[in-house]
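In what follows, a single structure is set out as structure tokens and then discussed.
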Amino acid sequence: AFRRYYGPEGPAWPYERQALVKARPVAGDAALGARVVALRDEYVYAGPPFDLAAMRAMRERQLRHLVPGGALNAKYSSGGLVDIEYLVQGLQMRHGGEHPAVRRENTLETLDALGQAGVVTPAQHDHLRAAYTLLRRAIDALRIVRGNADDLTLPPGNDEEWLYLARRMGEAGETGADLRRRLSEQMAHTSALSAKLLGE
């Protein structure tokens, strides 16, 4: 069933094959898990080329449907956490055939492996790692502040709300305006880096 669905002639959408980079056995028959991982590697890293257009189409749908107009969402807005994850996955799919060490399930471990393989420069690696860590901390803080995992919209501009978020993130001595500026700059840089590294 896995072969029929995810194989080159199967009905899986490109983004479903992209999601396979995260697949890993966690329980059950070890031999079956190893077979699935081998098939995953065949379909993701040795199969058809990475479909950048399909990935970008998925991101456009997410931006349209998950980010209200004028809002800044730490996960789904341009340059947000999802853009870093998609960038890392795109590079991983593009270079995983040549560099098996980048075939990892964890985003930061994959990013480190991409840096060691020379796919990203040290400066690009450092920026993406810092941006990912900052956005992940902001998302965790928003979930605590709001009591749910649904609303990851950053405050609309009220300095008091930003200051509260900065404190919740443990950013001692940072003003709300400082945090807002830092997040905005990181997200803008990530968007530009994504376009550059994926060849747009």
Among the residues of region 99-125 satisfying the criterion of being surrounded by 18 or more Cβ atoms within 10 Å (Cβ to Cβ) and β-branched (Val, Ile, Thr), which is nearest to residue 69 (Cα to Cα)?
107
If you scan region 69-85, which residues turn out to be within 12 Å of residue 55 (Cα to Cα) and crowded, with 20+ Cβ neighbours inside 10 Å?
82, 83
May I ask you to say which residue of 128, 142, 179, 165 is closer than 30 Å to residue 94 by Cα, of a type outside the set (Asp, Glu) and open to solvent by less than 20 Å² (accessible area, probe 1.4 Å)?
128
Restricting region 19-31 to residues that are touching a residue at least 24 places away in the same chain (Cβ under 8 Å) and in a helix (DSSP H, G or I), which is surrounded by the most Cβ atoms within 10 Å (Cβ to Cβ)?
21
Residue in region 87-97 that is within 20 Å of residue 43 (Cβ to Cβ) and either of a type in the set (Lys, Arg) or surrounded by fewer than 19 Cβ atoms within 10 Å (Cβ to Cβ) (or both) present
yes
Out of 135, 154, 142, 111, sole residue that is closer than 24 Å to residue 192 by Cβ and touching a strand residue (DSSP E or B) at 6+ places or on another chain (Cβ under 9 Å):
154
Could you list, in sequence order, the residues of region 1-18 that are without any contact (Cβ under 8 Å) to a residue 24 or more places away in the chain, open to solvent by 60 Å² or more (accessible area, probe 1.4 Å) and under 26 Å from the mean Cα position of the chain (by Cα)?
5, 11
For region 32-48, which residues satisfy the criterion of being without any contact (Cβ under 8 Å) to a residue 12 or more places away in the chain and under 17 Å from residue 13 (Cα atoms)?
42
Quick one: which helices (runs of 4 or more DSSP H) sit completely within region 88-200 and have at least 2 residues that are over 21 Å from the mean Cα position of the chain (by Cα) and among the aromatic types (Phe, Trp, Tyr)?
159-168
Residue in region 73-85 that is modelled with pLDDT under 90, aromatic (Phe, Trp, Tyr) and assigned to a loop (DSSP other than H, G, I, E, B) present:
no
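The values are calculated or read from the model by the stated rules, or taken from the named source; none is laboratory data. Every value quoted in this text rests on a predicted model; they were computed, and no experiment measured them. Quick reminder, even Gly has a Cβ in these numbers, built from the backbone with ideal geometry, and neighbours come from all protein chains shown. Remember, those area values only see protein heavy atoms, side chains included, never the ligands or the DNA or RNA. Shrake-Rupley method; radii C 1.70, N 1.55, O 1.52, S 1.80 Å.
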